[in-house]
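Nothing in this text is a laboratory measurement; each read-out follows from the coordinates by a stated rule. Because the structure is a prediction, the values reported are computed rather than measured. Don't worry about glycine lacking a Cβ; one is built from the backbone with ideal geometry, like all the others, and counts go over all protein chains shown.
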């Protein structure tokens with residue numbers, strides 16, 4: 001019970017940053033593999049593979065981060081029970097997610113400028 | 001408001017309590033395990049290494065003061081800069097922060113000790129002995145000389161055939177043990193031993209900072225441990241992880257090193273920032289502005305700092321788009337630092353800052369660290385980095401960040417917390433001299449280095465010709481270094497004159513601070529454990545210090561007759577059980593001595609004595625652990641407020657379970673670094689995975705090994721269920737599981753051997769055998785744990801309710817099986833997924 005509550009609180013607080021880490025790792029891995037394997041000229045759905053995949057990673061992780069921020073706010077401590085998220089945790093979840101969004105957007109921006117393995 | 005224990009405590013009880021917590025006297029003092037003493041020893045040792053590493057820097061500045069100088073030959077100069085960097089990072093900065101945490105955390109969060117006092121002691125002795133051996137290599141000309149980041153191929157056996165590099169690899173590996181041990185203990189301590197009522201939003205910022213510090217260590221250090229292991233194996237057995245001619249890649253070392261190395265910078269900055277967030281509100285006599293934002297900043301720093309490692313590798317020719325991710329993260333990490341700086345400035349503005357010595361050091365920190373941060377943003381830009389790469393500009397930047405970001409806050413902290421640890425506070429007048437000299441000295445030493453760097457002076461040269469425009473600037477830097485050293489010297493004098501360690505008769509709360517550690521009343525921290533209602537308990541709860549010392553809060557005295565503290569729930573800090581803590585014990589020191597012997601003999605390639613000492617260390621661990629897991633030795637006890645708590649806990653609620661899970665996270669990160677290495681080596685070997693002429697073993701054998709692994713886990717789970725039902729089912733099942741586990745691991749290694757694969761032939765063989773060997777090491781540990789558990793069962797020390805030993809073995813066992821299965825999947829599945837043979 002305590003461990004489940006712990007996991008849920010820590011999970012919420014860190015969710016934004018974990019999603020940033022996912023975006024970062026995914027983008028880095030895709031570029032490393034695509035460039036090492038000389039696949040940089042391949043097109044996906046009419047777009048070069050690098051901007052397409054980095055853009056997709058950015059959009060998906062941004063959406064997920066937004067969902068986390070909203071979901072945390074919906075848990076109102078109306079009943080005062082301990083299964084609810086304390087107000088502190090809700091606020092922290094929100095501001096962590098907001099900073100993560102900045103990180104994810106910055107991480108995705110290079111896709112607009114560099115599109116090759118050079 | 002009624003206090004938890006409002007009645008008067010008896011004199012007899014007071015005396016018994018003090019006796020229980022009295023440290024061992026005379027030569028027996030070396031068996032001490034209590035955090036107050038271990039923490040102070042840790043900090044004192046780290047400060048000693050700081051002075052020694054500083055002396056090495058002075059020698060270098062003497063050499064560089066004038067052009068064409070030959071005061072120190074290049075060989076010694078190489079050793080000096082390598083040892084200066086390595087000692088400052090591994091023997092000073094990280095350990096001093098760990099030591100401060102061991103000293104401060106329990107009293108700050110209302111516990112009487114860390115949750116695993118013997119582990120703290122073992123960590124300290126490992127660090128002390130390992131550090132002394134590492135440092136003394138200088139006096140025998142055996143000190144490492146490949147730079148603090150030890151890049152191969154320079155440090156490979158071909159170009160560094162002597163044992164200097166081994167001193168670094170094995171010495172640092174040994175010291176890393178203490179850092180990881182401290183991190184595990186801090187995580188469990190912060191989450192599980194906070195005073196009742198200290199919910200997440202009331203945790204002191206320093207405690208948050210140490211939580212982030214520990215979290216970063218458990219994700220960053222395993223990469224370094226793996227890197228050092230791989231380089232040492234390459235040097236000793238010629239497994240070519242980093243040798244390009246055999247499919248290795250020296251850049252893999254750089255990835256592993258900097259995946260640790262960059263977070264490391266923040267690993268030492270985050271605790272320093274936590275200290276600043278404790279000191280600023282007290283010096284301004286007002287609560288910290290932006291508590292939540294500062295917590296956000298610490299968490300974000302912890303994450304973003306893992307996205308920076310490649311900015312040390314901008315000049316290695318990676319794709320530009322890859323570098324841009326790291327450039328973006330390098331700029332993103334400036335945001336949380338900025339948030340904290342603004343929170344501190346706002347707090348100073350909201351209150352009235354008293355310009356005491358700690359406040360001066362903090363103002364110095366803000367100035368110097370901000371300058372270092374600005375040059376940090378400059379070198380985060382790839383083109384700018386290329387311009388100044390490997391020049392003195394980088395030396396200037398990193399010293400501004402590290403001295404500003406870590407040394408100044410640490411000195412503020414030493415002056416700030418000294419009255420808590422000593423009979424007398426440190427001197428305000430000497431402190432002002434120290435600050436003035438250190439501030440001016442730091443700027444005079446390092447500011448000119450920006451210019452020498454821009455004028456093209458490379459790092460790590462032992463001399464330079466005159467006439468390049470570097471002469472005057474270097475002389476200024478050397479003069480500044482003398483000033484900086486003089487400032488540190490004043491602090492040493494101040495400590496010698498005024499610091500007299502005493503937990504009981506300390507100078508007390510001379511700053512009118514508001515957090516709980518200032519209520520400390522002896523080696524036990526708290527006579528009774530506080531019921532906390534606010535972030536600044538001493539400010540918010542009038543009379544708290546006196547009430548705590550009079551035993552009016554929770555768990556006054558020692559109902560079980562020994563040392564105790566409270567374990568509380570991780571989020572809401574509700575009291576859960578009474579944790580019985582150990583008293584003085586020789587086992588940690590003995591185990592550390594033998595572990596040190598093991599590593600020392602390995603450095604000299606003396607395998608037989610090394611194994612002997614390794615065996616002795618193992619025996620010492622068993623001696624230590626044999627006495628843990630006492631069971632419910634006492635009836636539940638009344639801690640006050642009508643709360644009755646058990647004195648023993650099992651399962652996922654126990655502090656022991658938490659520590660084991662944290663350890664498994666460390667091992668999981670280690671394994672992930674290994675898989676990264678596997679994929680990296682695949683990437684740099686297109687078309688040769690496995691290399692031509694090497695056949696993948698038939699799928700039947702890994703499938704067999706996987707089935708055997710799973711069967712062993714099932715047996716262990718069954719052994720857990722049978723415990724408490726009597727008979728010998730539990731030990732018998734465990735014994736059978738051991739056989740299966742060993743069989744599975746051995747099958748995997750033998751399969752590759754029989755297929756003709758050899759570890760020294762190429763990087764593919766090396767990484768495949770590394771995966772098998774590391775799994776073998778996990779199996780070895782699991783086997784020892786199982787045999788230990790069997791012995792405990794057979795001697796009646798394990799029962800249905802007394803089962804923490806078995807629970808820990810089971811956790812480790814299941815992890816080992818999962819790691820084994822993942823290894824099989826990657827080694828046999830990945831090349832096939834690529835369409836290999």
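Once the Cβ-Cβ distance between residue B:692 and residue B:390 is put in as r, and R0 is 30 Å, what FRET efficiency do you end up with, to the nearest 0.05? E between residue B:692 and residue B:390, to the nearest 0.05, is 0.20. State the Cα centre-to-centre distance between the range B:10-49 and the range B:315-330 in whole Å. Going from one Cα centre to the other spans 50 Å. For the segment B:314-326, counting C-beta atoms of other chains within 10 Å of every residue's C-beta and taking the mean gives 6.
Taking 8 Å as the Cα distance limit and 6 or more residues as the minimum spacing, I'd like the relative contact order of the range B:329-463 as a percentage.
Numbers: 121 pairs, mean separation 45.7, N = 135.
This gives 34 percent for the range B:329-463.
Rank the residues A:93, B:701, B:356 as a footprinting-exposure proxy: fewest other Cβ atoms within 10 Å of their Cβ go first. Can you show the working numbers first?
Numbers: A:93 25, B:701 18, B:356 21.
With the sparsest Cβ surroundings first, the list reads B:701, B:356, A:93.
On full extension, the segment bounded by residue B:832 and residue B:381 gains 158.3 nm, given 0.36 nm per residue less the C-alpha separation.
Summarising the label geometry, the points placed 7 Å from Cα in the beta-carbon direction at residue B:461 and residue A:29 lie 4.4 nm from one another.
Work out, step by step, the length gained on full extension between residue B:19 and residue B:755: first 0.36 nm times the residue separation, then minus their alpha carbon distance; give nm to one decimal. 258.4 nm is the gain from fully extending residue B:19 to residue B:755. Modelled spin labels at residue B:633 and residue B:729, positioned 7 Å past Cα toward Cβ, are 3.1 nm from each other. Centre-to-centre separation between the Cα atoms of the range B:275-301 and those of the range B:333-404: 16 Å.
Is it possible to state the helix-based mean residue ellipticity at 222 nm for chain A, with each DSSP H run of 4+ residues giving -39500 (n - 2.57), the sum divided by total residues, to the nearest 500 deg cm²/dmol? What is it? That comes out to -25500 deg cm²/dmol.
Per-residue extension of 0.36 nm, minus the Cα-Cα distance of residue B:773 and residue B:583, leaves a gain of 64.6 nm for this segment. With contributions of -39500 (n - 2.57) from each DSSP H run of at least four residues, the per-residue ellipticity at 222 nm computed over chain B stands at -21500 deg cm²/dmol.
Both the radius of gyration and Dmax for the protein assembly as shown are 27.9, 86 Å, in that order, over alpha-carbon atoms. Highest mean packing comes first when the peptides B:594-602, B:634-642, B:484-492 are listed by Cβ atoms within 10 Å, giving B:594-602, B:484-492, B:634-642.
Given a Förster distance of 30 Å, report the FRET efficiency between residue B:721 and residue B:825 from their Cβ-Cβ distance, rounded to the nearest 0.05.
On the way: r = 28 Å, r/R0 = 0.94.
Efficiency for this residue pair is about 0.60.
Equivalent-ellipsoid semi-axes for chain A (Cα gyration tensor, √(5λ), whole Å, largest first): 37, 13, 10. Between the C-alpha center of the range B:541-589 and that of the range B:223-258 there is a gap of 47 Å.
With a simple spin-label model that places each label point 7 Å from the Cα along the Cα-to-Cβ direction, the separation between residue B:51 and residue B:238 comes to 4.7 nm. Neighbour counts of other Cβ atoms within 10 Å put B:505, B:553 in the fewest-to-most order B:505, B:553.
Neighbouring Cβ atoms from other chains, within 10 Å of the Cβ of residues in A:105-113, number 4 on average.
As a proxy for reagent exposure, B:157, A:10 were ordered by neighbouring Cβ count within 10 angstrom, fewest first; the result is A:10, B:157.
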